[in-house]
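Data first, discussion second: the structure below is written as structure tokens.
Laboratory data are not the source of any read-out in this text; all were calculated from the coordinates shown. Note that the coordinates shown come from a computational prediction; the quantities given were computed from them, not determined experimentally. Using ideal geometry, Cβ is built from the backbone for each residue, glycine included, and neighbour counts are taken over all protein chains shown.
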């Protein structure tokens, strides 16, 4: 984090665009505000827009503004966020959720600095805005998949700041806990066992989840002392055993498979949330499915029981795998029976042919 903030301080002095990446809840917006405070534009407006929270039409109006009568409900002219951020900084959060059309409009603005309000016939004047963007998605993968414009990616990613996940900096957990509990309205003390649970947990929701848990404990703890039994179920069940670690010897699929089969976990309760939180990749999920198909001899329905799912979830499970392109072909797992493994049963009426049977086309002499 010190290296990240040092790089952010240097980047703040430049006029270059910055792309901030990291998982959800790591504090990308705080890094953007830090850049604004340290920049020469600190006295100018800082305008943030959540690109994922608006539809394409509303996002266009929110960014570029609109004129009266341009669409239903446009009763007056409205200035867009870009105009409001003139001489300041525009922060585009979750920029990876933009549609291709909105990406093209944003690219045009980044190239010439001009905006055109929705319903307007002529472009507006030049706007001086520095753009910071953030996303929890891998834009390079989206570019390869045709879901994000490559030219826009290079326009936004002049300087790249990556905020590490909380599980990659566990030493920060205690510092954050001390800061949050120190300014709480109620005194709270955690036992050593509870602190160990905090340090062992993987925090898939990162800092946002940590703050949420601490706030729960402050207001819902029956006494001023918090032990393991007072923690939320996620921390008590040690989900870190289910999650893959970068320094483990085995693959993530092996850890997940053992958790499902040996610990009798449910796919929907353990693997599914981790996949949605991007703690595991599509490759990890495919490898887990391969392990299951290998055990069930290529039968998806038999794999449901193996992964702690009822048989009625077959369609839901198959749709989930197909939607995320994690389905695995079953042909390689449905092996033909090996003749050496089982004796050949010979019918009683079977008569062995002669050693040199005559050809049916040549009469026997």
request  = In square nanometres and to one decimal, what's the mean projected area of the convex hull around the Cα atoms of region 7-81?
outcome  = 6.4 nm²
message = Per-residue counts of other Cβ atoms within 10 Å, averaged by peptide: what ranking do you get for 184-193, 81-90, 18-27, highest first?
response = 18-27, 81-90, 184-193
inquiry  = Classify region 47-161 from the C-alpha gyration tensor, please: rounded if a/c falls under 1.5, else prolate or oblate depending on whether a/b exceeds b/c.
reply    = prolate
ask   = Rounded if a/c is under 1.5, else prolate if a/b is larger than b/c, else oblate: which is region 242-333, with a ≥ b ≥ c the root eigenvalues of its Cα gyration tensor?
value = rounded
query = Which FRET efficiency, nearest 0.05, do residue 315 and residue 175 yield, Cβ-Cβ r, R0 30 Å?
reply = 0.05
query = Label 7 Å along Cα→Cβ of residue 223; region 177-195 residues with amide nitrogen under 17 Å?
reply = 187-195
task = Just check region 170-240 against the gyration tensor rule for me: Cα atoms, a ≥ b ≥ c as the square roots of the eigenvalues, rounded for a/c under 1.5, and otherwise prolate or oblate depending on whether a/b exceeds b/c.
result = oblate
inquiry  = Under the 0.36 nm per residue contour assumption, what length would be gained going from the current alpha-carbon distance of residue 200 and residue 38 to full extension?
reply    = 54.8 nm
